[in-house]
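*Asks:* Once you've had a glance at the structure underneath, I'll fire off some questions.
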Amino acid sequence: MSTTADDKQQRGRVRLERGAKRVRAFLAGQVVADTAHPVLVWEVPYYPAYYIPLADVRAKLRADGGVVHSTSRGDARTLTVGVDGREIAGAALRYEYSPIEALRDLVRLDWQAMDAWFEEDEEVFTHPRDPYTRVDILASSRHVRVEIGGATIAESSSPRLLFETGLPVRYYLPKTHVRFDLLVPSGTVTHCPYKGQAEYWSVRAADGLHADVAWSYRTPLPESQKITGHVAFLNERVDVHVDGVLQERPATKFS
């Protein structure tokens, strides 16, 4: 496999590409895998998974009798991952007889089963970063107004505009420009490998409660510090006016 995008392999709906980053996975404080030759596999369109060369897996792997079928990758044996003092059944897959030859000597470690993942010496959360995803955060003087059920929930002429590959632009407004008297903490928390951990609010409007339509990153990751102290709203479920023009609600997986 080549390391260039032009030589990226695709089999059906699965893309494969060799990564250039050192990748490590940890469990119970011990190294499960340490490789400078990870393979990025796009099992779904949105982001890749890491597959690790078998020779770079340090933990004990034991077949536990399970089989997982994929129409594109074939049948995988499930493996128990063991380190000193701890074992997790089904925490790894190996497509030993995959129709995709490049997968046969690789191991897929379950992301959530590991305690921590590192790219080089920086911890990565949620899933591997996609090398083809870019996040740009730009200060703006455009006038943005967010409306729900006919009521203005937030309004600002100093928003931060976040442009992320494959997603609609997100308008982050300063917290002081948001009507928090209409927001109700929902308890929902999500994680993003580019921005960090987000906390959510629902909005109480005349037509009822609109669940989880606003969010903020209290302590965003270093590359997304510009959205500290700002709140975004789900364009797909609220009305956003930019410079007086009502924006069309985008259709995405969050709609």
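*Asks:* Suppose we filter the stretch 35-69 for residues that are in contact with a strand residue (DSSP E or B) (Cβ under 7 Å, 6 or more places away or on another chain) and over 13 Å from VAL83 (Cβ atoms); how many remain?
*Replies:* Applying the first criterion (in contact with a strand residue (DSSP E or B) (Cβ under 7 Å, 6 or more places away or on another chain)) to the stretch 35-69 yields 35, 37-43, 48-54, 56-64, 66-69.
Pick out the ones that are also over 13 Å from VAL83 (Cβ atoms) and you get 35, 37-43, 48-54, 56, 63-64, 66-69.
Total satisfying the criteria: 22.
*Asks:* Residue check, ARG145 against (1) closer than 26 Å to ARG77 by Cα; (2) assigned to a strand (DSSP E or B), all met but one. Which one?
*Replies:* (1)
*Asks:* Moving on. Quickly run through the stretch 64-102 and pick out the residues that are of a type in the set (Gly, Ala, Ser) and either open to solvent by less than 20 Å² (accessible area, probe 1.4 Å) or in a loop (DSSP other than H, G, I, E, B) (or both). Show your work before the answer.
*Replies:* Quick first cut of the stretch 64-102, residues of a type in the set (Gly, Ala, Ser) only: 65-66, 70, 72, 74, 76, 82, 85, 89-92, 98, 102.
Answer for the stretch 64-102, where residues must be of a type in the set (Gly, Ala, Ser) and either open to solvent by less than 20 Å² (accessible area, probe 1.4 Å) or in a loop (DSSP other than H, G, I, E, B) (or both): SER70, SER72, GLY74, ALA76, GLY82, GLY85, ALA91, ALA92, SER98.
*Asks:* Out of LEU167, LEU209, LEU183, LEU246, report the one residue that is crowded, with 17+ Cβ neighbours inside 10 Å and either modelled with pLDDT under 95 or among the hydrophobic types (A, V, I, L, M, F, W, C) (or both). Walk me through how you get there before you give the answer.
*Replies:* Working: LEU167 fails: crowded, with 17+ Cβ neighbours inside 10 Å; LEU209 fails: crowded, with 17+ Cβ neighbours inside 10 Å; LEU246 fails: crowded, with 17+ Cβ neighbours inside 10 Å.
On inspection, the qualifying residue turns out to be LEU183.
*Asks:* Among the residues of the stretch 17-28, is any in contact with a Lys or Arg (Cβ under 7 Å, 6 or more places away or on another chain), at pLDDT 90 or above and within 11 Å of LEU106 (Cβ to Cβ)? Reasoning before the result, please.
*Replies:* Of all residues in the stretch 17-28, those in contact with a Lys or Arg (Cβ under 7 Å, 6 or more places away or on another chain) come to 17, 27-28.
Add one more test, that the residue is at pLDDT 90 or above, and what stays is 17, 27-28.
Applying the additional criterion that residues be within 11 Å of LEU106 (Cβ to Cβ) yields none.
No, the stretch 17-28 contains no residue that is in contact with a Lys or Arg (Cβ under 7 Å, 6 or more places away or on another chain), at pLDDT 90 or above and within 11 Å of LEU106 (Cβ to Cβ).
*Asks:* Take the conditions more than 18 Å from SER216 (Cβ to Cβ), open to solvent by less than 70 Å² (accessible area, probe 1.4 Å), in contact with a strand residue (DSSP E or B) (Cβ under 8 Å, 6 or more places away or on another chain) and not in a strand (DSSP E or B) and apply them to THR152. Does it pass?
*Replies:* Working: more than 18 Å from SER216 (Cβ to Cβ): yes; open to solvent by less than 70 Å² (accessible area, probe 1.4 Å): yes; in contact with a strand residue (DSSP E or B) (Cβ under 8 Å, 6 or more places away or on another chain): yes; not in a strand (DSSP E or B): no.
So THR152 does not fit the description; no.
Conditions tested, residue by residue: (1) open to solvent by 50 Å² or more (accessible area, probe 1.4 Å); (2) closer than 30 Å to LYS253 by Cα; (3) of a type in the set (Gly, Ala, Ser).
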position: THR35; (1), (2), (3): no, no, no
position: ARG62; (1), (2), (3): yes, no, no
position: ARG104; (1), (2), (3): yes, no, no
position: TRP117; (1), (2), (3): no, yes, no
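*Asks:* So, in the stretch 194-250, exactly how many residues are of a type outside the set (Gly, Ala, Ser) and part of a loop (DSSP other than H, G, I, E, B)?
*Replies:* 19
*Asks:* How do the pairs read when you match residues in the stretch 175-193 that are without any contact (Cβ under 8 Å) to a residue 24 or more places away in the chain with residues anywhere that are open to solvent by 70 Å² or more (accessible area, probe 1.4 Å) and hydroxyl-bearing (Ser, Thr, Tyr), using Cβ under 9 Å and keeping only pairs 6 or more apart or on different chains?
*Replies:* Listed by first residue and then by second, the contacts come to nothing, as the list is empty.
*Asks:* OK, next. Yes or no: the stretch 190-201 includes at least one residue that is over 21 Å from GLN247 (Cβ atoms), among the basic types (Lys, Arg) and open to solvent by less than 40 Å² (accessible area, probe 1.4 Å).
*Replies:* yes
*Asks:* Let me ask you something else. Before we move on, is GLY74 out of contact with any Lys or Arg (no Cβ under 8 Å at 6 or more places or on another chain), farther than 25 Å from LEU40 by Cβ and touching a residue at least 12 places away in the same chain (Cβ under 8 Å)?
*Replies:* Working: out of contact with any Lys or Arg (no Cβ under 8 Å at 6 or more places or on another chain): yes; farther than 25 Å from LEU40 by Cβ: no; touching a residue at least 12 places away in the same chain (Cβ under 8 Å): yes.
The answer is no for GLY74.
The values are calculated or read from the model by the stated rules, or taken from the named source; none is laboratory data. Note that this is a predicted model, so its numbers are computed, not measured. Glycine gets a Cβ as well: all are built from the backbone with ideal geometry, and neighbour counts include every protein chain shown. Quick note on the areas: whole protein, heavy atoms, side chains included, nothing else; ligands and nucleic acids left out. Shrake-Rupley method; radii C 1.70, N 1.55, O 1.52, S 1.80 Å.
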